[in-house]
Each structure stands twice: as C-alpha cells, then as structure tokens.
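Have a look at the structure below before the remarks.
The values are calculated or read from the model by the stated rules, or taken from the named source; none is laboratory data. The model shown is predicted, which means the values in this text are computed figures rather than measured ones. With ideal geometry, Cβ positions are generated from the backbone for all residues, glycine too; neighbour counts draw on all protein chains shown. Accessible surface areas use protein heavy atoms only, side chains included; no ligands, DNA or RNA. Shrake-Rupley method; radii C 1.70, N 1.55, O 1.52, S 1.80 Å.
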Amino acid sequence: MSDIILHKGREKSVFRRHPWIFSGGIARVNGNPQGGDMVTVRADNGGFLARGYWNARSQIQVRILTWEDEPIDMVWWRKMFMRAIDGRKHITSNAYRLINAESDFLAGLIVDKYGDWLVLQALTLAIDILKKDLAHLLMELTGARGVYERSDVDVRGKEGLKPSMGVLAGEAPPKRIIIDEGVQLAVDVYGGHKTGTYLDQRQNRMLVGELIRTQPHLTDVLNVFSYTGGFSVHALQHPQVHAVNIDASADVLANARENMRLNGLDESRAEYIQADVFDDLRTRMIANELYDVVILDPPKFAHAQAQVEKAARGYKDINLNAFKLVKSGGYLFTFSCSGAINADLFQKIVFGALEDSRREAQVIRVLGASDDHPVALSFPEGAYLKGLMLRVY
Ligand code: SAH
C-alpha cells in the first residue's frame, strides 16, 4: 500500500478527524497509487495518521475512511454499514438516508432507503470502483430487494467520473415507490430529484403538519418551490386547509396531484401553479394576497463560494416577497440548501429581507435536515440545509 506523507503541521486537520486531504498538504507519495486505491496517510516523521483512498485527479487527493491502523476490507465496510443502519433503527418512516457520506465516516457514499429499495450515489472514484460489492453487502444487511444507482451528480466530474445510473444489485425498482412518512408519497427513483425525493426535509414537512394540527386557525398554505407537494400533503391532512403549490416543473406538479390522490385528498383542495417563483411571488404580493403559512424551499442558489453574493440577492428577493405574503400572526418556513451559505449568513439575509418588508418576525425554531442526515462535528461542511421557522407580524 502506498504512503502519503504530509507536510509538517498538516497532520493537525487529520488529528481533528477532518476527512479531506488536499494536494497542498501532501509533501510526497511513496509508491505509485492508482486512482481509487487505498493509501496510508503519515506525518512527516513517518508516524501513522489515517487510511483512506486516493485520487490524484481530484483536489481532495485523499478521503480518509479510518483513523485506526486497520485494513479497509469487506469486514470493515460491514462494520461501518451496521453502525449507520443501527443508528436509524428508531425511524418510523420507511424512507430515509441510510448512509450520509462523510458524516457517517463513509466518504463519498450516499445510500437512501425507499421502502424495499436502496438508491446509491457514488460521489468518488474509489466508491465507484467498489459500488457493486457495496451494493451486494447492503442488500444482505438490509434485506432490500434491489439497489439502484443514481450517480448523476456534477461533483463526480471533479473525480474524472461521468454520470452513471442503473441496477447495481437485485431487482429493478418499480416506476413509483410509495413511501410513508406519516403521509404517503409516490417517489420516482429513476427521474426524481436527488435520489428520488428530498428526504432531508421529512421532519420539517411533518413539523408543518403538526403546527396546523395544533393551530387549526391556520388554513391558507403557500408552498413555494413545492416539488411534489410534500409540505402541502402534510398540511392538507387537516380538512380546513387549502394549499397553493408553485413550481417551475410540470412533471413534479403532476406528481403532486398524484400524491393528493394517493392520500385520498380531493385534488381541488390544492392549486398547482407552474410558474417562475420570482415572478409569481411578486404578482401575488402586488395583488395583496395573504397566507397563514408560507413555505419557501428553493433549490441550491450557490454552487460555489464565487456565487454566494448573487445567491444572497436571490434569497433576499424571495424572502422579502414571502414576508409580505404572510398574514399577521402567520408563519414563514424559509430554507437554504446552499452549503456555501452558512447558518449565520442565511439568518442575516433573511433579516435583511425582513427589514425591507417592514414586518416583524420571531424565530420559533432553527431548522436543519432530518436526523437521518447527521452532520459529523468534525465535518461542518455537511450542514448544507438550514431553515428558520418564523412567526411574522
Ligand atoms: N420542498 C420540496 C423540495 C423543493 S426542491 C420538498 O419538500 O419535497 C426545489 C424545487 O424548486 C424543485 O422542484 C424545482 O423544480 C423548483 N424550482 C427551481 N427553480 C424554480 C423557479 N425559479 N421557479 C419555480 N420553481 C423552481
């Protein structure tokens, strides 16, 4: 196995258990590791630091898998998979993230469970090489009927990889998998966003349902960037509620109607507006529309640090209009899934929007991803989803 020797002082981040080693931290390589090979990371005095996998093409040349001097073999993967699986045994939904990459100390690997099927995303070359073996092991450990790959994400390009989709093990999933998170949702793991849907928002969707259950005077819901209408379906469990879904995509709105039928809800209790949110919110604001609950869950506006300023203007624009659309005493749920915008900055942007709206707001809850999406304390980069539940006056 090749040795990766770090520059003096660069062992600090390894001691802190950060899983990434950038090219600038590496003094020399002893051996001739091929992309995806396991390597040993050593301090400049030769002492063992960690073990992980190598890819010279990536800026992150080593991703650490273990800080112990132990082999990374199938026994190791089994041990780590069991840890991730055991940590989710309490979850009542049948759809959740089973393995959350670096935050489950399994760099580069995402596995989501949708009922009897698993969907795997291989973000790095090493995981791509191992994916079939890992898929078979996951089937054995979970009893899943099949593992489908949805590695159609841009970050793979940084590892020299192209998108890859298809069955890795077992049976192909059906066209729609019906998941149950208190309400039922029809998920398209072949074409849906991410690995099929936004599992990270599950507990926040449930929170909206719970809010309306305990405050039945909340009747009018505006679900902005609705995707397949998950937030609305939770809200509409309560018969007094009417919901408006806004999304740019006709396909996801068709899936939102399907989700209404699936839950025995009359489609007429919701609207399905195919529109650009930036224009649509402005139109509603000018028309003086008001809602009891507004949910604002945009896609990632900042894909990199360089886009933060422009993204901040986008977030401010939609939050400003959203504030104006909330009835006094109503609620705004506002989110950002841009990793490049931290929780502090997000709160500042939302506050800037509030100031301009001349409204008042209180933070009722600070929100993040559901608890099946843990964030390793040593890996703050994992905390991409931020949200605020605000009461607005
Ligand atoms: N809240 C959803 C997830 C929202 S994902 C859930 O819990 O499932 C973001 C959605 O925004 C996607 O469905 C995408 O189609 C939509 N979208 C992106 N840009 C948009 C725009 N400018 N106007 C309207 N919708 C947009």
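When you scan the range 254-264, how many residues do you find that are open to solvent by 10 Å² or more (accessible area, probe 1.4 Å) and within 10 Å of the ligand (Cβ to nearest atom)?
So the count comes out to 1.
Do you know which residues across the range 358-389 are part of a strand (DSSP E or B) and either open to solvent by less than 70 Å² (accessible area, probe 1.4 Å) or over 23 Å from Gly330 (Cα atoms) (or both)?
Ala361, Ile364, Leu367, Lys386, Gly387, Leu388, Met389
Being modelled with pLDDT of 95 or more, under 25 Å from the mean Cα position of the chain (by Cα), of a type in the set (Gly, Ala, Ser) and open to solvent by 20 Å² or more (accessible area, probe 1.4 Å) narrows it down to one of Gly31, Gly35, Gly52, Gly87, so name that one.
Gly87
With the structure loaded, tell me whether Asp297 is free of Cβ contacts under 8 Å to residues at least 24 places away in the same chain and within 12 Å of the ligand (Cβ to nearest atom) or whether it fails that test.
For Asp297, the condition - free of Cβ contacts under 8 Å to residues at least 24 places away in the same chain and within 12 Å of the ligand (Cβ to nearest atom) - is not met.
Inside the range 327-349, can you point out the residues that are farther than 14 Å from Ala302 by Cβ and within 16 Å of the ligand (Cβ to nearest atom)?
Within the range 327-349, Tyr331, Leu332, Phe333, Thr334 meet the criteria.
Test Gln274 against the criterion of being within 11 Å of the ligand (Cβ to nearest atom) and either surrounded by fewer than 22 Cβ atoms within 10 Å (Cβ to Cβ) or more than 24 Å from the chain's Cα centre (by Cα) (or both), and give yes or no.
So Gln274 fits the description; yes.
Could you tell me whether Gly182 is of a type outside the set (S, T, N, Q), under 21 Å from Val293 (Cα atoms) and open to solvent by 40 Å² or more (accessible area, probe 1.4 Å)?
yes
Only one of these is out of contact with any strand residue (DSSP E or B) (no Cβ under 6 Å at 6 or more places or on another chain) and surrounded by 15 or more Cβ atoms within 10 Å (Cβ to Cβ): Ile341, Ile286. Name it.
Ile341
Restricting the search to the range 187-214, which residues are aliphatic (A, V, I, L, M) and away from the ligand (no atom under 12 Å from the Cβ)?
Of everything in the range 187-214, those that are aliphatic (A, V, I, L, M) and away from the ligand (no atom under 12 Å from the Cβ) turn out to be Val189, Leu211, Ile212.
In the list His242, His238, His217, which residue meets the criterion of being open to solvent by 70 Å² or more (accessible area, probe 1.4 Å), away from the ligand (no atom under 15 Å from the Cβ) and under 27 Å from Val326 (Cα atoms)?
Unique residue meeting the criteria: His217.
Yes or no: the range 210-224 includes at least one residue that is polar (S, T, N, Q) and in a helix (DSSP H, G or I).
Yes, there is a match, as at least one residue in the range 210-224 is polar (S, T, N, Q) and in a helix (DSSP H, G or I).
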